[in-house]
Amino acid sequence: MSENASQMEQYVESNDDGVAKGAMSEVRPIPRITIQAFCETDAVRQTLEMAASDRRMSRAHVSVNTGGIIGAVDFYGAAPTPNLIIIESSKTGDVLMNELGQLASVCDATTKVVVIGHFNDILMYRELISNGISEYLVAPVSMADIMLSISNIFTSEENGPLGRMIAFVGAKGGAGSSTICHNVAWTISSAYKNDVVLADLDLAYGTANMNLDQDPTQGIADAVFSPDRVDDILLDRLLAKCAEHLSLLAAPSTLERTYDFDAHAFNSILEVAQRGAPCVAVDIPNQWNGWTKQVLAAADEVVVVAEPELANLRNAKNLVDTIIEIRPNDARPKLVMNKVGVQKRPEIAVADFANAIGIEPMAVIPFDPALFGTASNNGQMVSEADPKNPISDMMTTIAQVVTGKAEVRIKKKSGFDLLKNFKLKK
């Protein structure tokens, strides 16, 4: 790692529930299935209800009931069984197996069953699995335990695992969110040789095609206006190949039509993109409506880009608070301070800005119009225009953090301190 990179401003989450949120970050979105649970204790019931409200479960239909196995047997005697039944039972041995046998007699053959028990017994676990139970969890269970089990059972069966979606949004128009998004997507694809899909959602004024020197005849608008046709074949036709591992879903960047969408308009195309690439970088325009909120809620990682001035501070604070509210089980958004050090502009100190919104920046990018202007005019990324520039190292750092390939630890000192040390994950 270069000396410039080692001196960069960076950070790491230091929440009390960091371990729990770290486990939740491994959970992939649950497909459109029906899940019904029958609990015996309030603790398990509350955990299941919390899991049902998580963003990753938004496509699943979940109901949580009481009564345990016998309650489920009575219920399904007169009702069809769902895709998945979650059962809590304090029984063991022959009693448990007999009750599960009664449940099997009223279940469809395709229904999966997860049992939450209170005995850590490997022999019982093996017997349950050999008798067709999909998973056995030992209480107390966490949201991550339950959702990982569901994901392992169903996600791999529905077109394979999903790639990681990283959403970039600016606190204010002109903050440079799009430029950061494009450069980070390019860096991930070139540095790690991972396939990346860059989706430009600013349909009216998107700049990804210009920044990457592309002029595709089709793009993301063709998918959004024809959601019923979205599949892998259509996606391949719409993607513009920018580099060996980087593809672009370009915006039309025209005003020939208006771009009014419902809240879930981009769900289908982004899900298909996630199934086709390990990483999907999403450039979200600076506007607030149903679909921008939905994309931010669905993303695995959110990066807020802001300039050090008052309007950006207000908007960044509102954005961060709202994102935390709609993503209560996820890590906080990441922050990038951009265009720092504009001559003669009154600026808020980076330390004060970060203190006000409660997030330290993972990168502080100086104002350098010559570098960014030259790169844009040539259809290049900053690392192509000037690989030795410290800003190129900053783009690498952002790429490492948002992909989970690096973490940054804060040296805890009295008061607010921006001195940090960067640590690569093994």
Subject >> Scope the range 178-202; condition over 17 Å from the mean Cα position of the chain (by Cα) and either crowded, with 22+ Cβ neighbours inside 10 Å or assigned to a helix (DSSP H, G or I) (or both); matching residues >> reply: SER178, THR179, ILE180, HIS182, ASN183, TRP186, THR187, SER189, SER190, ALA191, TYR192
Original post:
Just a yes or no: is a residue in the range 290-297 modelled with pLDDT under 90 and surrounded by fewer than 17 Cβ atoms within 10 Å (Cβ to Cβ)?
Top reply: no
**OP:** Within the range 245-260, identify whether any single residue is at pLDDT below 90 and either of a type in the set (A, V, I, L, M) or within 22 Å of GLY373 (Cα to Cα) (or both), and answer yes or no.
**Re:** no
Original post:
How about the range 241-271: which of its residues are in contact with an Asp or Glu (Cβ under 6 Å, 6 or more places away or on another chain) and under 18 Å from GLY163 (Cα atoms)?
Top reply: HIS245
Subject >> Leading residue by the ranking (nearest to the chain's Cα centre (by Cα)) among those in the range 298-323 that are modelled with pLDDT under 95 and aliphatic (A, V, I, L, M) >> reply: ALA299
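Starting from residues that are among the β-branched types (Val, Ile, Thr) and touching a strand residue (DSSP E or B) at 6+ places or on another chain (Cβ under 6 Å), keep the ones in the range 319-359 and report whichever is nearest to ASN289 (Cα to Cα).
At the first step, the residues of the range 319-359 found to be among the β-branched types (Val, Ile, Thr) are 320, 322-324, 326, 336, 340, 342, 348, 350, 357, 359.
Cutting the leftovers down to touching a strand residue (DSSP E or B) at 6+ places or on another chain (Cβ under 6 Å) gives us 323, 336, 340, 350, 359.
Numbers: ILE323: 13, VAL336: 23, VAL340: 29, VAL350: 29, ILE359: 24 Å.
The extreme case among them is ILE323.
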Original post:
Going by the conditions given, is ARG45 in a helix (DSSP H, G or I), touching a Lys or Arg at 6+ places or on another chain (Cβ under 9 Å) and either closer than 29 Å to LEU296 by Cα or touching a residue at least 60 places away in the same chain (Cβ under 8 Å) (or both)?
Top reply: no
Subject >> Output for the range 30-42, where each listed residue is aliphatic (A, V, I, L, M) and not in a strand (DSSP E or B) >> reply: ILE30, ILE33
Subject >> Where a residue in the range 257-273 is surrounded by 14 or more Cβ atoms within 10 Å (Cβ to Cβ) and its partner, wherever it lies, is small (Gly, Ala, Ser), with Cβ under 7 Å and at least six apart >> reply: TYR259/ALA204; ALA263/GLY290; ILE269/ALA223; LEU270/ALA199; ALA273/ALA199
Original post:
Are any of the residues in the range 14-29 among the aliphatic types (A, V, I, L, M), assigned to a loop (DSSP other than H, G, I, E, B) and at pLDDT 60 or above?
Top reply: yes
Subject >> Selection count where residues are at pLDDT below 90 and either out of contact with any helix residue (DSSP H, G or I) (no Cβ under 7 Å at 6 or more places or on another chain) or closer than 16 Å to ALA297 by Cα (or both), scope the range 268-287 >> reply: 6
**OP:** Give the residues of the range 226-240 that are more than 24 Å from the chain's Cα centre (by Cα) and modelled with pLDDT of 85 or more, sorted by residue number.
**Re:** ARG237
Subject >> Residue match in the range 324-339 (condition: among the polar types (S, T, N, Q) and either closer than 29 Å to ALA23 by Cβ or not assigned by TED's automatic domain parsing to the domain that holds CYS279 (or both)) >> reply: yes
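The values are calculated or read from the model by the stated rules, or taken from the named source; none is laboratory data. The model shown is predicted, which means the values in this text are computed figures rather than measured ones. With ideal geometry, Cβ positions are generated from the backbone for all residues, glycine too; neighbour counts draw on all protein chains shown.
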